[in-house]
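See structure below.
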Amino acid sequence: MKKIHLTLIIIISFALLLSVGFGLLTIYVNQKELPKGVVLSDWNVGGQPADNVLSELEDKLQTISAMTIQLQSDALKGERVSINMLEAGVTFQAEAFRAGVQQLFEGSLWERAVYRRNFKQEWHIATEWDRDVLKKRFNLAWEKEHFGEPVPAVRSISKDDIVRYTPEKTAYRIHWAALYERLSAALPNEHNITELQQQEHQGIVIELPLIRQKPDVTVKTLQAEGIARKVVEFSTSLGASAPGRIHNVSAAAKTVDGMILKPGDEFNYAHIIDTAKKEYGFKEAPVIVNGKLVPGIGGGICQVSSTVYHAALLMGLDITERRNHSLPVSYLPKGQDATFAEGAINFRFRNNTDKHLLILADVSNDTLTLKMFGTFPENTEYAIESNTIETLPSPEKVIHNTALPPGFKQVVQNGKPGYVVETYRTKKVNGEVVEKVKISKDTYRAQNSIVAINPSNEIPMPNTKEPSKEEVVEDGVSTP
């Protein structure tokens, strides 16, 4: 009997202990407060009701996210640009902490007890920053609106042929590396989030770091090109040229005008004519075909190539391709002209100086004026001299005219002689001749004299048939 009572007492006592233990475990697990000693960044949340902590956490994150960042700079003329953290791409995350608190109240009694017992003491609010958001906010359009755009320097030539420069204008642009560094240092972190939240009405003030952006073209870069002064000026007269010829000369001159040749660049007259044809077109004016002046399109364009040729000689430039006209021209001495025939004859020269070369061309008052600007020794000059070394007789061309008395000759057209001409270029330094070179030997063909005759048995008729020649249009682009 006594053994039964003892066993019963033991069972009841054990049940009571289990009941008390279960009760205590239930009370422990069902606590609404967070475990003591828990810290979220710089915020001591241990022992506080979990719901209150989560609610207050949400308020803190919203408050911090709405905190303003004010950018100031003298370049903004007293204006402060304000954005909030979200507009800067800054977000604050505490998802791990939220999930940890939620797990305190999920699972079995034993699982919750074990989790609460082992609950982490230190948690963090993470600061994340997507820098692309900030860069899109203050994009190039914003920079242009607030700071303007760089304006390149401009080189101009005055009416008295002085080279002048209009300075470039710089513009501010954001120094992104410096801005990232400054903002990173000022952003809330786990050590000052609570402090900053209490001062959120003040926001963060940052001096906007700026750099000056220069245009690609500056006075310095323009001056380095070496277009320092006018070196050569040379003019030829258009005389009594008809309107069509004046138009053609003007079209080619306008295409040449303003051309800049870099060191080593080649002037190619074929390209000039191609551009002039497209932009301005050519009109009817006399051209040279097989040593004769005939109606054509583009007549006069060689006055530009010849004037440029003479100026290039006076600058000592390398002539890479040039041929004289088949007939002498009126606007230049024999031996100093440069003809052009599309697809057959070209005029080219190379800028053999170590600086840029600027060419200006203008037609006014029946005069074509060509100027070259660059770098050239003040004590050096070139002179051109042409000498006729042979005069070629004019051939006689006989035609039939039965209206004339038998054996009678009549001069229908006087011929013109041809010429063989040598041209020399002389270089002088400090007035002393240091070099004289022959630059060309040119032949200008003689023009036929035309004689009419009534043939008779007594006077044999000469063979006046000329050999056929391939048609080459000089000083123009085509015949009608």
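At-a-glance table
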{"item": "From 320, 307, residue being buried (at least 20 other Cβ atoms within 10 Å of the Cβ) and touching a strand residue (DSSP E or B) at 6+ places or on another chain (Cβ under 9 Å)", "result": "307"}
{"item": "Of all residues making up region 202-231, the number that are assigned to a helix (DSSP H, G or I) and surrounded by fewer than 17 Cβ atoms within 10 Å (Cβ to Cβ)", "result": "5"}
{"item": "Qualifying positions in region 384-406 - in contact (Cβ under 8 Å) with a residue 60 or more places away in the chain and either in a loop (DSSP other than H, G, I, E, B) or within 19 Å of residue 437 (Cβ to Cβ) (or both)", "result": "384"}
{"item": "When residues of region 251-288 are limited to those that are more than 24 Å from the chain's Cα centre (by Cα) and β-branched (Val, Ile, Thr), the one farthest from residue 328 (Cα to Cα)", "result": "273"}
{"item": "Filtered residue count, region 341-354, keeping only those that are aromatic (Phe, Trp, Tyr) and assigned to a strand (DSSP E or B)", "result": "1"}
{"item": "Filter result for the condition that a residue is of a type outside the set (Phe, Trp, Tyr) and touching a Lys or Arg at 6+ places or on another chain (Cβ under 9 Å), over 343, 300", "result": "300"}
{"item": "Matching entry among 155, 164 (being closer than 30 Å to residue 359 by Cα, touching a residue at least 60 places away in the same chain (Cβ under 8 Å) and either in a strand (DSSP E or B) or open to solvent by 30 Å² or more (accessible area, probe 1.4 Å) (or both))", "result": "155"}
{"item": "Search result, residues across region 355-382 that are farther than 30 Å from residue 239 by Cβ, more than 32 Å from the chain's Cα centre (by Cα) and outside any strand (DSSP E or B)", "result": "378, 379"}
{"item": "Number of the condition not met by residue 301 [criteria: (1) open to solvent by less than 10 Å² (accessible area, probe 1.4 Å); (2) under 22 Å from residue 373 (Cβ atoms); (3) in contact (Cβ under 8 Å) with a residue 60 or more places away in the chain]", "result": "(2)"}
{"item": "Odd one out for residue 57 among (1) open to solvent by less than 60 Å² (accessible area, probe 1.4 Å); (2) of a type outside the set (S, T, N, Q); (3) out of contact with any helix residue (DSSP H, G or I) (no Cβ under 9 Å at 6 or more places or on another chain)", "result": "(3)"}
{"item": "Matching residues, region 235-274, being open to solvent by 50 Å² or more (accessible area, probe 1.4 Å), assigned to a strand (DSSP E or B) and under 30 Å from residue 224 (Cα atoms)", "result": "235, 260, 266"}
{"item": "Strands (runs of 3 or more DSSP E) enclosed by region 281-324 - at least 2 residues per element that are among the aliphatic types (A, V, I, L, M)", "result": "284-289, 292-297"}
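The rows are residues; the columns are (1) modelled with pLDDT under 85; (2) within 30 Å of residue 171 (Cβ to Cβ); (3) aliphatic (A, V, I, L, M).
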| position | (1), (2), (3) |
| --- | --- |
| 22 | yes, no, no |
| 39 | no, no, yes |
| 80 | no, yes, no |
| 124 | no, no, no |
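The rows are residues; the columns are (1) closer than 30 Å to residue 176 by Cβ; (2) open to solvent by less than 70 Å² (accessible area, probe 1.4 Å); (3) of a type in the set (Asp, Glu); (4) not in a loop (DSSP other than H, G, I, E, B).
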site	(1), (2), (3), (4)
53	no, yes, no, yes
62	yes, no, no, yes
70	yes, yes, no, yes
88	yes, yes, no, no
105	no, no, no, no
135	yes, no, no, yes
142	yes, yes, no, yes
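The values are calculated or read from the model by the stated rules, or taken from the named source; none is laboratory data. Bear in mind the structure is a predicted one, so any value in this text is a computation, not a measurement. Reconstructed Cβ throughout: ideal geometry from the backbone, glycine too, with neighbour counts over all protein chains shown. Side chains are part of the model used for accessible areas, which takes the heavy atoms of the whole protein and leaves out ligands, DNA and RNA. Shrake-Rupley method; radii C 1.70, N 1.55, O 1.52, S 1.80 Å.
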